[in-house]
1. Filter the range 53-67 down to the residues that are of a type in the set (Val, Ile, Thr) and open to solvent by 10 Å² or more (accessible area, probe 1.4 Å), then identify the one that is farthest from ALA79 (Cα to Cα).
2. Looking at the range 5-43 only, could you name the residues that are at pLDDT 90 or above, over 12 Å from VAL66 (Cα atoms), open to solvent by 70 Å² or more (accessible area, probe 1.4 Å) and of a type outside the set (D, E, K, R)?
3. Among all residue pairs at least 6 apart or on different chains, which show Cβ distances below 7 Å where the first residue, located in the range 46-65, is touching a residue at least 40 places away in the same chain (Cβ under 8 Å) and more than 14 Å from ASP2 (Cα to Cα) and the second is exposed (fewer than 15 other Cβ atoms within 10 Å of the Cβ) and among the small types (Gly, Ala, Ser)?
4. Of (1) open to solvent by 40 Å² or more (accessible area, probe 1.4 Å); (2) part of a helix (DSSP H, G or I), ASP2 satisfies all except one. Which?
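The values are calculated or read from the model by the stated rules, or taken from the named source; none is laboratory data. Keep in mind that what you see is a predicted model, and the values were worked out from it rather than measured. Cβ sites come from the backbone with ideal geometry, for glycine too, and all protein chains shown count toward neighbours. For the accessible areas, the whole protein counts, side chains as well, though only heavy atoms, and no ligand, DNA or RNA atoms are used. Shrake-Rupley method; radii C 1.70, N 1.55, O 1.52, S 1.80 Å.
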Amino acid sequence: MDHNKFVQEAACGAVAQLCESCKEGPTAVLQPYLQGISSVLGSAVAQYGRRNLRCACDAIIQLVEVASASQPGGSQLQAVLLPLCNRMAGLGPHDTDLIPIL
């Protein structure tokens, strides 16, 4: 995990683009890497600030779409759920950081 905001944004954009391109082609190509990608994105949700949280959530959405197409049930994506829930629990009901998570 890089602490540079620009590197974080570029990395999340690259993951989202990779997942987007896998939706159009064979989704089995990404299958062996789903657990690793989801754990890194879970760490990103826990560490990223307001700006890059939106990029990480976009990458998570793309990953979920690919994972649900390749393997129903999405057991590999559990590494993302706990950090998302923890992030939501730490926010108030009127906090604008909730918008990208929802």
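1. Looking at the filtered set, the residue picked out is ILE61.
2. PHE6, VAL40
3. Every condition considered, the pairs that remain are CYS55/GLY13.
4. ASP2 satisfies every listed condition except (2).
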